[in-house]
Amino acid sequence: MNINEFFNKLVLNLNLGKLIEEPSRVSGGLTHKMYKIATDKNKYIVKVLNPNIMKRPTALGNFEKADKFEIMFQENNIEAIYSLEFNGKKMQLQDGQYFYVYNWYDGKALKDNEIKTINCEKIGKQLGEIHIV
């Protein structure tokens with residue numbers, strides 16, 4: 001897969017604007033690849049799903065279930081970074097490659113010594129809301 005061709009086609013097909021810088025690989029994601037893209041409209045993160053995992057018989061069904069949960073959580077105002085929806089679907093397929101698109105958020109992972117009680121309380125509240133839904 002030619003990354004530049006893939007992302008140029010992706011932003012065109014999804015009406016995300018025009019790339020204004022080269023896509024860059026972002027750390028995170030153990031089995032899938034993450035890329036930051038910047039267009040003249042916004043910045044996005046694209047989760048390119050591992051083709052070997054997507055060949056598994058249960059993969060598509062598992063992702064469809066996860067997408068349904070995500071929609072349910074969104075509808076119940078549970079705070080999270082949700083994948084964007086295009087043509088009524090969250091998971092996208094282009095040239096045999098599955099992927100998700102998210103809005104880019106600047107942030108950082110907290111180190112162990114930076115985690116405070118308030119962080120744990122927020123996480124606990126979110127988990128509680130998820131289990132109520």
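The values are calculated or read from the model by the stated rules, or taken from the named source; none is laboratory data. Please read these numbers as outputs of a predicted model, since none were measured by experiment. Every residue, glycine as well, gets a Cβ built from its backbone with ideal geometry; the counts of neighbours run over all protein chains shown. The accessibility values were calculated without ligands, DNA or RNA, using every heavy atom of the protein model including side chains. Shrake-Rupley method; radii C 1.70, N 1.55, O 1.52, S 1.80 Å.
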(message) Per DSSP helix of 4 or more residues, -39500 (n - 2.57); summed, then divided by the residues of the chain. What does that give at 222 nm, rounded to the nearest 500?
(response) -11000 deg cm²/dmol
(message) Rolling a 1.4 angstrom probe over the protein chains, ignoring ligands and nucleic acids, what is the accessible area of Lys47 in square angstrom, nearest 10?
(response) 50
(message) Suppose accessible area is computed on protein heavy atoms with a 1.4 Å probe; arrange Leu19, Leu93, Leu12 from highest to lowest.
(response) Leu12, Leu93, Leu19
(request) Determine the per residue accessible area of the range 6-55 with all protein chains present and a 1.4 angstrom probe, expressed in square angstrom. (result) 58
(message) Could you tell me the relative contact order of the range 1-132? Use alpha-carbon pairs under 8 Å, at least six residues apart, and round to a whole percent.
(response) 18
(request) Please give the length that would be gained between Thr117 and Glu5 if that part of the chain were fully extended, namely 0.36 nm times their separation in residues minus their C-alpha to C-alpha distance (nm, one decimal). (result) 35.8 nm
(message) List the chymotrypsin sites (Phe, Trp or Tyr not before Pro) within the range 22-114 that DSSP assigns to loop and that have no more than 11 neighbouring Cβ atoms inside 10 Å.
(response) Tyr105
(message) Just to be sure I understand the model, the point goes 7 Å from the Cα along the line to the Cβ. What's the resulting Ala59 to Leu93 distance in nm?
(response) 1.2
(request) Pop out the carbon and sulfur fraction of the accessible area of the chain as a percent, whole number, probe 1.4 Å. (result) 53
(request) Please tell me which of these pairs span more than 31 angstrom C-alpha to C-alpha: Lys18/Lys89; Lys89/Lys111; Lys43/Lys68; Lys41/Lys116; Lys55/Lys122? (result) Lys89/Lys111; Lys41/Lys116; Lys55/Lys122
(message) Quick one: 3J(HN,Hα) in Hz for the range 87-98, Karplus 6.51/-1.76/1.60 with θ = phi - 60°, rounded, Gly and Pro as x.
(response) 6, x, 9, 7, 6, 10, 9, 9, 6, x, 10, 8
